[in-house]
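J.: Take this structure first; my questions come after.
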Amino acid sequence: MTTRSDPPALPAQDRIHSIDQFRGYAVLGMFVVNYLGHYPCHFNYHHNDYFLSYADTIMPMFMFVVGISFRFTLVKRLATSGYLRTYAGYFRRSLALVLISVVLSGIGQNFETYQEFFTDPQTNQSAEAEWAEFQEGNAETDVPPNFADQWLLLGKLFVKSYVWETLAVIGLTQLFVLPFVHLRFWSRVAILVVLGAAHVWLSQWFAWQFFYGYMIDGNYVDLDNGLNNWMGQLWGTGNNRGWDGGLFGILTWGFTMLAGTLCYDLMDRSAPWTTIKTFLRWGAAFLILGYAMSCLSRLYDLPADEGQVEQYRPAAADERIKRAHGKDKGGREFSIARSPVLPDWEVTRNRPIASFFAEPPFVARPDNRLVNYWMMQKRYASLPYVTFVCGLSFVGLALFVLTADIGNFQIPIFRTFGMNPLAAYVLHKMVLLNLMFHVIPSDSAAWLYWSGLALYLVIVYVLVRGLEKQGVYIRM
């Protein structure tokens, strides 16, 4: 997969500097938030479950720019290699990304002792007799009675939650959207609408409760108390919560990647000013749509004043579901809406117009809002979240067209990371996990962790720049 003196995915004369710069910005942003998320800095540098922080914008932006490159390279390869060879190549590369992700991030959990294979993962009952026989040395070659059960449960949890790390999300999303990337512009726009609508519909049907592992006292279904996690019961995954959208988040990540492919059709290299105007118009449309959808989250606000009886109160979920649901990643108090996708329209009564406008991005959610689908949230990869960040991506790319394509100004670190993103990603993981997190304590004072950030970025840049000087690139 890595070759020396191997050129970037596009020849130098065909490269579009604005795309390289935007990709480099997204890669650098990922490195910054992956580091700062370990330290007690401002919440905008941390991922937050139920509102949009700066850190939460980075992954969708990277998915968006992957979509740009995906469309460019796929069209070129289809013209020269045909469908079979092109699709087979993307299939192999996508699975390779998943494998790299697993190698870097693990499979999600460990088997601590051999005795776990003698324990039923669903009932937690131990096979005492078989374990005693093994301890006596009489079963060294026998397969433990619950060996397959433990691995089956791990496999389910892996598919539901653990596999969805950044590189795996990219690889699996590429496979998911591969049949659509070659389609005409408006066909892809139609697919975007279908993917977004499907995500909302599945979330209402079962995906929200399945993703968050809703349970009450060990039960998956209790209709009288608003619990209907029948998919969790089918899978037997308990109260495990997903991450980065989970299994069905591929719909909204696919939305994001396909939105990026639209740039291929919208970009006119012979008229960059026209391209800027076009990107800004599409960016405004996505921003407005994403924000408008997030305003539905205001329909889940509890009265700020408990004595305010004229405002209708939306129904909250059973508190026992909240306990199974887990803590808010941002450490804030929260309660869960009973119907997180379809709001109770009675809440629109006796409210001023201003109360329907959501707070702007990068502002923490109020504590009196019930957790619901319409919040801009990275953990669940909700439709308002990815739509809004797609808008930011169009606007960001327009700015790089201005600076890089028109102004011919390139920021060196963006160029270096943007032309070799996979190598940069692997190296940043190694530096973080094997160096920085060992020498900069997680409770450090600000001066220390900010100094550590500068050192860490210098180290990664020097390593990746060294590869660039030698002509070594790892293709994604």
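J.: Select from Leu247, Ser69, Gln233 the residue farthest towards the positive end of the dipole of the chain; place +1 on Cβ of Lys and Arg, -1 on Cβ of Asp and Glu, and compute about the Cα centre.
T.: Comparing the listed Cα positions along the dipole, Ser69 ranks first.
J.: Once the dipole of the stretch 1-146 is set up with Lys and Arg at +1 and Asp and Glu at -1 on Cβ about the Cα centre, which of Ile58, Ile107, Tyr83 lies farthest towards its positive end?
T.: So the residue we want is Tyr83.
J.: Can you give the calculated 222 nm mean residue ellipticity of the chain, where each DSSP H run of n ≥ 4 adds -39,500 (n - 2.57) and the sum is split over every residue, rounded to the nearest 500 deg cm²/dmol?
T.: Result for the chain: -16500 deg cm²/dmol, rounded to the nearest 500.
J.: Which helices, counted as full DSSP H runs in the chain, have an axial Cα extent of no less than 18 Å and a Kyte-Doolittle average of 0.5 or above?
T.: The answer, listed by residue number, is 17-36, 54-105, 185-202, 250-266, 272-294, 383-400, 446-469.
J.: Between the stretch 29-97 and the stretch 144-203, what's the alpha-carbon centroid distance in Å?
T.: 14 Å
J.: Turning to a different aspect of this structure: Can you give me the pair-distance distribution of the stretch 321-476, C-alpha pairs, 5 Å bins, whole percents?
T.: In order of increasing distance, the bins hold 1, 6, 10, 12, 12, 15, 14, 11, 8, 6, 3, 1, 0, 0 percent.
J.: Could you let me know the centre-to-centre spacing of the stretch 347-388 and the stretch 225-262, using Cα atoms, in angstrom?
T.: 19 Å
J.: What residues qualify as long-range amide H neighbours of Asn228, i.e. H under 5 Å apart, gap of 5 or more or another chain, H built at 1.01 Å from N?
T.: Those lying under 5 Å, H to H, from Asn228 are Asp222.
J.: From the residues Thr387, Gly452, Phe357, which one has its Cα farthest along the dipole of the chain in the positive direction, the dipole being from +1 and -1 charges on Cβ of Lys/Arg and Asp/Glu about the Cα centre?
T.: Going by the Cα projections, it comes out as Thr387.
J.: Karplus couplings for the stretch 231-239 from phi (6.51 cos²θ - 1.76 cosθ + 1.60, θ = phi - 60°), rounded to Hz, Gly and Pro as x?
T.: Those phi angles translate into 5, x, 5, 5, 7, x, 9, x, 8 Hz.
J.: Going down the table (Lys277/Lys378; Lys76/Lys160; Lys277/Lys469; Lys156/Lys378), which pairs top 24 Å between alpha carbons?
T.: Lys277/Lys378; Lys76/Lys160; Lys277/Lys469
J.: Determine the dipole magnitude for the chain: charges of +1 sit on the beta-carbon of Lys and Arg, -1 on that of Asp and Glu, nothing else is charged, the reference point is the Cα centre, and the result goes in debye to the nearest 20.
T.: For the chain, the charge dipole is close to 2580 debye.
J.: Follow-up. Amide H to amide H, which residues 5 or more places from Ile336 or on other chains are under 5 Å from it, using H placed in the peptide plane?
T.: Ala317, Val371
J.: From the phi angles alone, apply the Karplus equation (6.51, -1.76, 1.60; θ = phi - 60°) to the stretch 141-146 and give each ³J(HN,Hα) in whole Hz, x where the residue is Gly or Pro.
T.: 9, 8, 6, x, x, 10
J.: Looking at the stretch 137-202, which chymotrypsin sites (Phe, Trp or Tyr not before Pro) are DSSP coil and have at most 12 other C-beta atoms within 10 Å of their C-beta?
T.: Listed in order of number, the matching sites amount to none.
J.: Where nothing but the Cβ of Lys and Arg (+1) and of Asp and Glu (-1) is charged, how large is the charge dipole of the stretch 122-259 around its Cα centre, in debye to the nearest 20?
T.: For this selection, approximately 1280 debye.
J.: What does the charge count around Tyr425 come to, taking other residues whose C-beta lies under 14 Å from its C-beta (Lys +1, Arg +1, Asp -1, Glu -1)?
T.: Residues near Tyr425 contribute +2 overall.
No value in this document is a laboratory result; all are computed from the given coordinates. Everything numeric here is computed off the predicted structure, so don't read it as measured data. Positions of Cβ are backbone-derived with ideal geometry, glycine not excepted, and every protein chain shown enters the neighbour counts.
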